[in-house]
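Notes for the one structure printed next.
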Amino acid sequence: METSTYKSKEAVISLKGVDAGYGDTVILSNVNLEIWRGEITALLGGSGSGKSTLLKTIIGLLPPIKGEVRLLGEDIYGMDDLTRASFMKRIGMLFQYGALFGSQSNLDNVALPLREHTNLPEEVVREMVRMKLELVGLKGLENRLPADVSGGQRKRVALARAAILDPEIIFCDEPSAGLDPIVAAGLDDVLRRFQRLFGMSMVIITHELESIKILADRVVMLADGKIQAVGTVDDLSQSDNERVYDFFHRIAPHDDGEDGQGSVLERVSGEWAREQ
Ligand SMILES: Nc1ncnc2c1ncn2[C@@H]1O[C@H](COP(=O)(O)OP(=O)(O)OP(=O)(O)O)[C@@H](O)[C@H]1O
Ligand SMILES: [Mg+2]
């Protein structure tokens, strides 16, 4: 590999022979998956297909029933609590509902991980938070409470907080859920910007084909208790796997389905261009 002229891909996440689930109940079986550094990977699948279960297994919240899970090369389930707590600074999480503290300003919310994990002086903390908030397009909203900004802005505050320690990888569970398409697209832009600027790896759970089309370098499709397909949007749009095909056609009810391959994606990207 070293002699290759191409930069070889480095796995930030690696699962081998993993059964993920709860107690004896296997939700996803025999998961073999590698997620590459610097890429945005989308986890896709219907409600109950196991997306959150897989995410919890990857980030150390749900021990696998079987198999091996490595995050940034480390065996997270083999670590003691202290080591794991310190290791988790390298990971950012953007939860579905943002999980901001309502009684604290946006600035204080974003500053939280800095105050918890570093001994930086207050002026430095504030300046770092201001810079991150500016990067997500929220300059000037530092002193507002989360309740006094829009839903889309709250997501950006949560993203700024997830990114404040410059993590190597950020996990987002349905970042654009509940947002209108324009606001969701704005959030997608911010996520893309973070990935480009910092080379961050991202794993994003989403149902939105628009988001996937804009964001995902790679898509992992879950259904029927296993991974059905892994590949680029183009790969998957040409997949003859029934479950994958269903997804790409189900969400385009007006698709006449005659020419099949790629037409849905072209239409979505056309709509996207018109909205801009
Ligand atoms: N704590 C739990 N204990 C037992 N079963 C659970 C638990 N959490 C989830 N499940 C089950 O695991 C399966 C997968 O759930 P999961 O939450 O991973 O789906 P999902 O793909 O994230 O769905 P959604 O899109 O609705 O969030 C479901 O059948 C669910 O009922
Ligand atoms: Mg879920």
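Worth a mention:
- Across every pair of non-identical alpha carbons in segment 29-84, the mean reciprocal distance, once inverted, gives a Kirkwood radius of 12.6 Å.
- Whole-number D in µm²/s for segment 23-178 (Stokes-Einstein; Kirkwood sum over Cα pairs; 25 °C, 0.890 mPa s): 143
- Candidate lysines - alpha carbon under 21 Å from Lys213, same-chain residues fewer than 8 apart omitted: Lys51, Lys155
- Taking other C-beta atoms within 10 angstrom as a stand-in for reagent exposure, Met131, Met79 fall in the order Met131, Met79, fewest first.
- Aspartates and glutamates whose Cα lies under 14 Å from that of Lys89, excluding same-chain neighbours fewer than 8 positions away: Glu74, Asp81, Glu116, Asp166, Glu168
- Relative contact order %, the chain, counting alpha carbon pairs below 8 Å whose residues are six or more apart: 21
- Taking the chain as a Gaussian network of alpha-carbon nodes connected by springs under 10 Å, the highest mean-square fluctuation of the residues Pro64, Pro181, Pro146 belongs to Pro181.
- Percent of alpha-carbon pairs separated by more than 29 Å within the chain: 37
- Top of Ala42, Ala99, Ala184 by mean-square fluctuation, Gaussian network on the chain, Cα under 10 Å: Ala99
- Order of Met202, Met88 - criterion: other Cβ atoms within 10 Å of each residue's Cβ, fewest first: Met88, Met202
- Cα-Cα pairs of segment 68-132 separated by more than 17 Å (percent): 55
Every read-out reported here was derived from the displayed coordinates using simple, explicitly stated rules and does not represent laboratory data. Bear in mind the structure is a predicted one, so any value in this text is a computation, not a measurement. Please note: Cβ atoms are built from the backbone with ideal geometry, for glycine as well, and neighbour counts cover all protein chains shown.
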